[in-house]
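Chemist: Here it is, the structure, as structure tokens.
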Amino acid sequence: NAVIGRYKLSVQSDGSSSASLGTFVLLFNPWSSGDDVFLPSKAECEEYVLEEFGIIFAGNKNHISSFGWNFGQFQGDILDICLSMLDRSLSYRQDPITDASHRNDPKYLGRVLSAMVNANDDQGVVLGNWSGNYEGGKSPSSWTGSGEILQNWKKSGFRPVRYGQCWVFAAVLTTVLRCLGIPTRTITNFSSAHDADGNLRVDEFYDASGNHLNRGADSIWNFHVWNESWFTRSDLGPSYSGWQILDATPQEESEGIYQCGPASRKAIKEGDVELDYDCPFVFAEVNADCMYWNYDTSTGKKTLIFSQSTTIGQAISTKAVGRDDRVDVTNDYKYEEGSKKERDIFKKARKKLGLEDKFDPTAPTPQEIEQKPDISGKFKVAGPLQVGKDLNLILVLANLQSDAKTAHINMTAWSTVYTRRPVHEIWKDSISVTLSPKEEKQFPIKIPYTEYQQQLTTDNTIQVTALCHVEGGIQVLVQRDIALDNPTIDIQVLGEAKVNREVDVEVIFTNPIDTEVTDCMLQVEGSDLLRGILEIDVPPLKAGENSSTKFKLIPFEAGPKHLLVNFSCDKFANIKTFKMVNV
């Protein structure tokens, strides 16, 4: 239980002056049963402390994608940078002696580092940007590892690195905590709620044309990435030990600064939201109810369209131990969606937060919630979801009643960032339909590549909405978030990889669209395979043309290593892949 950090080591023999032997760094030790971070499974220690490669899950709940990340916690001077991060925190600046005396406590360090990884408040490591415009920095999607970010932070004299989004904050925090010996992993939550006002409810607003309005601070992200770290909770008692949630993405302030956690995962599952730290916010991320409202921009009047209690917190994912697979950990966060136990826990949390008794003037009335729609609708995908191909959808509308219904439907498609914040309008249309009793009708929708290509963000996400104004009935909102896949890229290692021997690698990309692509650039990194990042300019590619790019590696450590490749050009941003190389 000693304080971690850099120690001076000297030797003194009887009566003579001491001689310095140098310095050593003391870390947490998850292999030692007396340590607060003790993790009994050797395989988990290998994965969550020693492994320098990870997989982060993204996309959306209907279409989960993944990409590799080079944590690189044992490369170069990363340890020194992690230690200097502790000495730049607000806690250390305000009271260095007290701060240093708490550095034996993983829950204290986890909280301090969740604040230091974002640039808010303390000139921390990464500056967040969710605008879709990343001028003056690197697009968050373009990073492939933490090393470059941490090195840039140090080289610039500790000025925040531009720019990050949630997975960047989470990946950098993983690097720092693994480096210090605390078992840590990244977790992706799909349909993740950002409940800004603490009422366990997320409100979304749409205008009469079906446009998703940027109103109110609440939002539902396609996905959100945070961390889990493994340690005991002496402050809460043994049943709350184990995986603890930390979130370095600056979303809401906690005790006046942008930090989040550690929140015990057990406390989240049991609805014990009064326990330290930040349990109500994390509980809402996986459990909040959603309310969708129609908002009249001229009068300011809002009408409830519908509410849902099963949308938020789906397919919660992390990388498997020792394999490159996805593991679903949703059941560790909550009881089965829709079960009585799950609803009871939700009520328990509401009660603990004092939401049961308070009248909430913004909440929908029971009458509003009871209203039933006359028609139902959904968007079906009809064709490939790929950047470069036309987007084909079918709007399916069904009359639920035994008399005919007429509806006027306003449809829109917007490019978004992964937080579902609308950026550019791509397409709009409106139709009027009459549905005979119990009839179902299909309406094909085609959004050509030429129409969305200019508007797409680097997240490749589009939100399609149809707002149905039903004559004599309540409005019906149909929406779908579409994540488009980039084309693929292939890596071949030509020959056997051996320590300190050259080996050739070939990267192959085929231009899938019928126009030339230019400004092509390949970025390569991999712990123990190459130092730093290799950047290679690739000549322009005509329609349908193949490119083959070769380069040499000289690996400097034996074992299974991962090579990460990121290809970008004027029409495609950040086509990523990785390859395991056995050295």
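The values are calculated or read from the model by the stated rules, or taken from the named source; none is laboratory data. The shown structure was predicted, so the numbers you read here are calculated from the model rather than taken from an experiment. Cβ: placed from backbone, ideal geometry, glycine included. Neighbour counts: every protein chain shown. Quick note on the areas: whole protein, heavy atoms, side chains included, nothing else; ligands and nucleic acids left out. Shrake-Rupley method; radii C 1.70, N 1.55, O 1.52, S 1.80 Å.
Chemist: Which percent of the accessible heavy-atom area of the range 42-353 goes to carbon and sulfur, probe 1.4 angstrom?
Modeler: 48
Chemist: Another question, then. Given H placed on each backbone N at 1.01 Å, which residues far from ASN29 in sequence or on other chains put an amide H within less than 5 Å of it?
Modeler: Under 5 Å from the amide H of ASN29 lie the amide H atoms of VAL37, each far enough along the sequence or on another chain.
Chemist: Taking θ as phi - 60°, what are the ³J(HN,Hα) couplings along the range 53-61 by the Karplus curve (6.51, -1.76, 1.60), each to the nearest whole Hz, with x for Gly and Pro?
Modeler: 10, x, 10, 10, 9, 8, x, 8, 5
Chemist: Also, I was wondering about something else. How large is the translational diffusion coefficient of the range 233-282 in µm² per second when you combine the Kirkwood radius over alpha carbon pairs with Stokes-Einstein at 10 °C and 1.306 mPa s?
Modeler: My calculation gives 145 µm²/s for D.
Chemist: Something else: Of all accessible surface on the range 372-483 at a 1.4 Å probe, what whole percent is carbon and sulfur?
Modeler: Carbon and sulfur: 47 percent of the exposed surface of the range 372-483.
Chemist: What ³J(HN,Hα) values, in whole Hz, does the Karplus curve 6.51 cos²θ - 1.76 cosθ + 1.60 give for the range 504-515 when θ = phi - 60°, with x put for Gly and Pro?
Modeler: 8, 10, 10, 10, 10, 9, 10, 6, x, 9, 8, 9
Chemist: Using the heavy atoms of the protein chains and a 1.4 angstrom probe, tell me the accessible area per residue for the chain in square angstrom.
Modeler: It amounts to 43 Å² per residue over the chain.
Chemist: Further, regarding this structure: Going by average Cβ neighbours within 10 Å, how do the peptides 376-385, 393-402 rank, with the highest at the top?
Modeler: 393-402, 376-385
Chemist: In cubic angstrom, how much convex hull volume per residue do the alpha carbon atoms of the range 195-311 span?
Modeler: Enclosed volume per residue, from the Cα hull, is 116 Å³.
Chemist: On the principal axes of its Cα set, how long, how wide and how thick is the range 489-582? Give whole Å, largest value first.
Modeler: Here the Cα extents, ordered largest to smallest, are 43, 22, 17 Å.
Chemist: While we're looking at this one, here's another question. Within the range 435-511, which trypsin sites (Lys or Arg not before Pro) sit in a loop by DSSP and count at most 14 neighbouring Cβ atoms inside 10 Å?
Modeler: LYS438, LYS498, ARG501
Chemist: Give the long-range amide H neighbours of TYR277: residues separated by 5 or more places, or on another chain, with amide H under 5 Å away, using H modelled in the peptide plane at 1.01 Å from N.
Modeler: Residues meeting the amide H criterion: ALA263, SER264.
Chemist: Ranked highest first by the average count of other Cβ atoms within 10 Å around their residues, in what order do 420-431, 465-476 fall?
Modeler: 465-476, 420-431
Chemist: At 222 nm, what value in deg cm²/dmol follows for the chain if DSSP H runs of at least 4 each add -39500 (n - 2.57) and the sum is divided by all its residues, to the nearest 500?
Modeler: -4500 deg cm²/dmol
Chemist: Kindly work out what percent of the DSSP beta bridges joining two residues of the chain are antiparallel, to the nearest 5.
Modeler: Counting DSSP beta bridges with both partners in the chain, the antiparallel share is about 90 percent.
Chemist: Another one. So, by mean Cβ neighbours within 10 angstrom, what's the order for 318-327, 279-288 with the highest one leading?
Modeler: By packing density, highest mean first, the sequence is 279-288, 318-327.
Chemist: Compute the separation of the alpha-carbon centres of the range 541-555 and the range 1-73 and state it in Å as a whole number.
Modeler: 37
Chemist: Can you work out the FRET efficiency for the pair THR510 and SER16, with r the C-beta to C-beta distance and R0 = 56 Å, to the nearest 0.05?
Modeler: Once rounded, the FRET efficiency stands at 0.15.
Chemist: Project the alpha carbons of the chain onto their principal axes and report the range along each, largest first, in whole Å.
Modeler: Principal-axis extents of the Cα atoms in the chain, largest first: 102, 65, 39 Å.
Chemist: Averaging over all projection directions, find the projected area of the Cα convex hull of the range 354-458 and quote it in nm² with one decimal place.
Modeler: 10.0
Chemist: Where the centre of each part is set by its Cα atoms, how far does the range 455-533 sit from the range 86-134, in angstrom?
Modeler: 32
Chemist: Follow-up question, since we're still on this one. Let me check I've understood the local charge: for GLY495, count other residues with C-beta under 10 angstrom from its C-beta, Lys and Arg +1, Asp and Glu -1. What total comes out?
Modeler: -1
Chemist: Quick query: amide H of VAL423 versus all other amide H atoms, modeled in the peptide plane; which residues come in under 5 Å with a sequence gap of 5 or more or a different chain?
Modeler: SER415, THR416, VAL417
Chemist: Measuring from centroid to centroid over Cα atoms, what is the spacing of the range 376-402 and the range 311-351 in Å?
Modeler: 28
Chemist: Note the angle between two axes, namely the Cα long axis of helix 106-116 and the longest principal axis of the Cα atoms of the chain, as a number of degrees from 0 to 90, rounded to the nearest 10.
Modeler: Helix 106-116 sits at roughly 70 degrees to that axis.
Chemist: May I ask you to evaluate 6.51 cos²θ - 1.76 cosθ + 1.60, the Karplus curve with θ = phi - 60°, for each residue of the range 248-261 and list the ³J(HN,Hα) values in order in whole Hz, giving x for glycine and proline?
Modeler: 8, 6, x, 10, 9, 6, 10, 6, x, 9, 7, 8, 8, x
Chemist: Still on this structure: Could you grab the relative contact order for the range 502-583? Cα pairs under 8 Å, six or more apart, rounded to a whole percent.
Modeler: Relative contact order comes out at 36 percent.
Chemist: Okay, moving on. Roughly speaking, what % of Cα-Cα pairs in the range 42-353 are separated by over 29 Å, rounded to a whole number?
Modeler: Of all Cα-Cα pairs in the range 42-353, 35 percent lie more than 29 Å apart.
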